[in-house]
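Here the structure comes first, spelled out in structure tokens, and everything after it is commentary.
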Amino acid sequence: MQKLNKKQVEGHKNYPEKVLQFGEGNFLRAFVDWQIDVLNKTTDFNGSVVVVQPLGSGMVKMLNEQDGLYTLYLQGMKDGKAVKEHTLIDAVSRGLDLFTQYDQFVELAKNPELRFIFSNTTEAGIAYDETDRLEDQPQKSYPGKLTAFLYHRFQVFQGDAKKGFIIIPCELIDRNGEKLKKIVLQYAAQWNLGEEFVQWLNEANTFCCSLVDRIVPGFPRDTIGEMTEELGYKDDLVVVGEQFHLWVIEGPQWIKEEFPTHLAGLNTLFVDDLTPYRTRKVRILNGAHTAMTPVSYLYGLDTVAEAVDHPVVGPFIKELIFDEIIPTLDLPVEELNYFAHAVLERFMNPFINHFLMSISLNSMSKYKTRDLPSLVEFINRKKELPEKLVFSLAALISFYKGKRGAEDIQLSDDKEILDLFREQWGAFDGTVESVRALVSTILGYEKNWEMDLNAFPGLTDAVTNYLFEIETKGMQMAVEAVLKEKVQN
């Protein structure tokens, strides 16, 4: 069977190179490059992507062998139905290996049509390396590589303010654009690149913070055979993603004139402040994941989809989101409800097995960052305890006992936390008093919570009661009792 190449694409078009992209991995190809492909097909964007492989090993060679082409399968819930569809992405012009093609990378700075820079170099990618030098080919860090490229651009166009870039990092760290710009300016100072360059960086370039959201499992190793039969060609770069996508970009509205995602029906938002959207994602999507995990797993379930679709655990999760998390957020309730329904739809994706145990890693710190803010804000606003969030906290303490019936749970957390739970559960004798002592110690573990949770009126009693119910009656009866409490109230 023939390998994918541009000769197989009817009406193949060579677009001007408008985008420089650091990173050739699955996420960028299933998210950013897919959006640029949609823009080319539905608007007058008329631009292609030059993909830079920032590390010594990667997929640029395969990408060039396929003329920049690859197939994207989108699998998941769409308008309430399970949908699997594929499209050929024709937005990448070529790939560059910085370790063998650095001269071509520098030459790219001369292209007057180049306008956008995107990146996804992992969370550790936006970092400063003091050993980087301007003359390195290439620099070790992504910000170092970017600074060198920007300086070449500045020199080629003699500081022309119209030849700057719109720079949008997609790394999953808070305020990613600000952090990237700060390090670039740090290199500019370290390398003595001059005040005029610094002024050009600040005035001609727009660094945007962004928030990305799409689950991308990547290359479908288990099903590539049947996909190849379906496609009729060999594609070594098939990538699988879910249907849902969201890109929130904090930046000036004029960017939409050059990157018109709103005209293409894409779920990409240009906002003045992405903080509420980050909070929404962390509290609703990540918060629900963390809160549901100990409840669902101890109930006897193994995957997120099983939990959301369960006749008892499913309603528990939905009530936790709609009754306790959403009331603590400040975006319009219609928007929050829409996002929450989309999250639940994503949780039920039949094409992805998302195991609860994979979410359970470092659950104590996750509960602190994802769920505790909702719990505290609910108390502040409603002057009462959120039952489901409190119950999930009790379930978390039970989870750290390390047992699901006779089965051992492979707990994964900091040694100090695991030692603490081992000691506390070792002293448990089945009485309410020993449960209360255990709960008081865990809630008072300020190294994790950065506060003493026992200080919230009624919280210690509530967690104690729920944990005692879980330990004496089992998770199934305990969850049903919590749901009945709402009906009775």
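The values are calculated or read from the model by the stated rules, or taken from the named source; none is laboratory data. Every value quoted in this text rests on a predicted model; they were computed, and no experiment measured them. FYI the Cβ positions are ideal-geometry reconstructions off the backbone, even for glycines, and counts take in every protein chain you see.
Considering every residue within segment 413-430, establish whether at least one is polar (S, T, N, Q) and surrounded by fewer than 19 Cβ atoms within 10 Å (Cβ to Cβ).
No: zero hits.
When you look at TYR70, is it buried (at least 21 other Cβ atoms within 10 Å of the Cβ) and among the hydroxyl-bearing types (Ser, Thr, Tyr), yes or no?
Answer is yes for this residue.
List the residue pairs whose Cβ atoms are under 6 Å apart, where the first residue sits in segment 244-270 and is at negative phi, the second is modelled with pLDDT under 95 and basic (Lys, Arg), and the two are 6 or more positions apart or on different chains.
Pairs that qualify, where the first residue is at negative phi and the partner is modelled with pLDDT under 95 and basic (Lys, Arg), are PHE244/ARG346; HIS245/ARG214.
Among the candidates SER365, SER374, which residue alone is touching a helix residue (DSSP H, G or I) at 6+ places or on another chain (Cβ under 9 Å), surrounded by 21 or more Cβ atoms within 10 Å (Cβ to Cβ) and not aliphatic (A, V, I, L, M)?
SER374
Report whether or not GLU384 is of a type outside the set (A, V, I, L, M, F, W, C) and part of a helix (DSSP H, G or I).
no
A quick yes/no check of all residues on (1) touching a Gly at 6+ places or on another chain (Cβ under 6 Å); (2) over 20 Å from PRO386 (Cβ atoms); (3) surrounded by fewer than 18 Cβ atoms within 10 Å (Cβ to Cβ):
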residue	(1), (2), (3)
ARG280	no, no, no
ILE284	no, no, no
LEU301	no, yes, no
PRO315	no, no, yes
VAL343	no, no, no
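When you scan segment 391-403, do you find a residue that is assigned by TED's automatic domain parsing to the domain that holds PHE428, crowded, with 19+ Cβ neighbours inside 10 Å, free of Cβ contacts under 8 Å to residues at least 60 places away in the same chain and among the β-branched types (Val, Ile, Thr), even just one?
Within segment 391-403, none of the residues are assigned by TED's automatic domain parsing to the domain that holds PHE428, crowded, with 19+ Cβ neighbours inside 10 Å, free of Cβ contacts under 8 Å to residues at least 60 places away in the same chain and among the β-branched types (Val, Ile, Thr).
For segment 138-175, enumerate the residues that are in contact with a Lys or Arg (Cβ under 9 Å, 6 or more places away or on another chain) and assigned to a strand (DSSP E or B).
Residues satisfying the conditions are ILE166, ILE167, PRO169.
Identify, by number, the condition in (1) at pLDDT 95 or above; (2) touching a Phe, Trp or Tyr at 6+ places or on another chain (Cβ under 7 Å); (3) crowded, with 21+ Cβ neighbours inside 10 Å; (4) closer than 18 Å to ARG153 by Cβ that ARG115 doesn't meet.
(3)
Which residues, taken from segment 258-288, are more than 15 Å from the chain's Cα centre (by Cα), β-branched (Val, Ile, Thr) and at pLDDT below 95?
None - no residue of segment 258-288 is more than 15 Å from the chain's Cα centre (by Cα), β-branched (Val, Ile, Thr) and at pLDDT below 95, so the list stays empty.
Would you be able to tell me the number of residues in segment 126-163 that are buried (at least 16 other Cβ atoms within 10 Å of the Cβ) and in contact (Cβ under 8 Å) with a residue 60 or more places away in the chain?
5
Quickly run through segment 22-33 and pick out the residues that are surrounded by fewer than 23 Cβ atoms within 10 Å (Cβ to Cβ) and assigned to a helix (DSSP H, G or I).
ASN26, PHE27
Working only within segment 73-112, note down all residues that are touching a residue at least 40 places away in the same chain (Cβ under 8 Å) and in a helix (DSSP H, G or I).
Across segment 73-112, the qualifying residues are PHE105, VAL106, LEU108.
List the pairs whose first member sits in segment 28-54 and is touching a residue at least 40 places away in the same chain (Cβ under 8 Å) and not assigned by TED's automatic domain parsing to the domain that holds VAL212, whose second member is surrounded by fewer than 23 Cβ atoms within 10 Å (Cβ to Cβ) and of a type in the set (D, E, K, R), and whose Cβ atoms are under 8 Å apart, counting only residues at least 6 apart or on separate chains?
That search, which allows pairs on different chains as well, returns nothing.
Of GLU178, GLU196, GLU135, GLU203, which residue is assigned to a loop (DSSP other than H, G, I, E, B) and either over 28 Å from the mean Cα position of the chain (by Cα) or in the same structural domain as ASP97 (by TED's automatic domain parsing) (or both)?
Sole residue among the options that is assigned to a loop (DSSP other than H, G, I, E, B) and either over 28 Å from the mean Cα position of the chain (by Cα) or in the same structural domain as ASP97 (by TED's automatic domain parsing) (or both): GLU135.
Scan segment 442-465 residue by residue and report those that are in contact (Cβ under 8 Å) with a residue 12 or more places away in the chain and not in a helix (DSSP H, G or I).
TYR445, GLU450, PHE456, GLY458, listed by residue number.
Considering only residues that are surrounded by fewer than 18 Cβ atoms within 10 Å (Cβ to Cβ), in a helix (DSSP H, G or I) and free of Cβ contacts under 8 Å to residues at least 60 places away in the same chain, which ones fall in segment 466-479?
Listed by number, the residues that qualify are THR472, LYS473, MET477.
Only residues that are basic (Lys, Arg), touching a helix residue (DSSP H, G or I) at 6+ places or on another chain (Cβ under 8 Å) and assigned to a helix (DSSP H, G or I): list them for segment 392-440, please.
ARG436
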